[in-house]
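The values are calculated or read from the model by the stated rules, or taken from the named source; none is laboratory data. Keep in mind that what you see is a predicted model, and the values were worked out from it rather than measured. All Cβ positions, even for glycine, are placed from backbone atoms using ideal geometry, and neighbour counts span all protein chains on display. Note: accessible area is taken over every heavy atom of the protein model, side chains too, but ligands, DNA and RNA are not part of it. Shrake-Rupley method; radii C 1.70, N 1.55, O 1.52, S 1.80 Å.
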Amino acid sequence: TPVGPTLLRLDGPKVTAALALTMLAMGTTLETADFRRIAQRPKPVAVGFLSQFCVMPASAVVASMIWRLPPAQAAGVCLVGCCPGGVASNVVSLLARADVPLSITMTTCSTVAACFLTPILAALCAGAKAELNRAALAASTVQVVLAPVALGLALRSCFPKKCDRAQPFLAPTAALLVAWICGSVVAK
């Protein structure tokens, strides 16, 4: 049975909207120059990409072996190890005052690559068949990451002073939205 008031629970389109709002908020903290800087320094993106699709799956396999997990649990850990990062990692980057444009670039690159690499890695690491709808994943990436960040960049370009005034509230708001989403998922 679901826990907590239904009114506060997020699901389906509400989760997508909350994630998009989070990324919109992050987009208002950035400028196009931030992404030009990332394009001029591709090494951090390559290191992150290799970590995401080599180190993470290998770590999942090793952890499953060390913990002597039953096959079903080991497959679950390995599948999670083969999946890309998401919006939450971008929020953590924002809260930590880390390189948010790099985090957003990594989220986008790894999500697009996951369309092809996650099924292959899941089969290699866990012997599991991971089917995914590539078109839906691409559409979701545009809807949740790319379009909101682009809109945020446009808002910052048109209204820089207003975006600066909103800045102190953006990281806590983004963190609350992600916590709300996680709480909603756990409450189901």
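Numbers for the structure displayed
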| item | result |
| --- | --- |
| Lone unmet requirement of (1) in contact with a Phe, Trp or Tyr (Cβ under 6 Å, 6 or more places away or on another chain); (2) closer than 30 Å to MET65 by Cβ for VAL185 | (1) |
| Residue within the stretch 161-172 that is surrounded by 14 or more Cβ atoms within 10 Å (Cβ to Cβ) and free of Cβ contacts under 8 Å to residues at least 24 places away in the same chain present | no |
| Qualifying residues in the stretch 93-110 (those that are open to solvent by 20 Å² or more (accessible area, probe 1.4 Å), in contact (Cβ under 8 Å) with a residue 12 or more places away in the chain and of a type in the set (A, V, I, L, M, F, W, C)) - the one farthest from THR29 (Cα to Cα) | CYS109 |
| From VAL149, VAL178, residue being closer than 20 Å to LEU24 by Cβ, modelled with pLDDT of 90 or more, in a helix (DSSP H, G or I) and touching a helix residue (DSSP H, G or I) at 6+ places or on another chain (Cβ under 7 Å) | VAL149 |
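One line per residue, one yes/no per condition, for (1) assigned to a loop (DSSP other than H, G, I, E, B); (2) touching a strand residue (DSSP E or B) at 6+ places or on another chain (Cβ under 8 Å); (3) at pLDDT 85 or above:
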| residue | (1), (2), (3) |
| --- | --- |
| LEU102 | no, no, yes |
| THR108 | no, no, yes |
| THR111 | no, no, no |
| ALA123 | no, no, no |
| LEU132 | yes, no, no |
| ALA138 | no, no, no |
| VAL142 | no, no, yes |
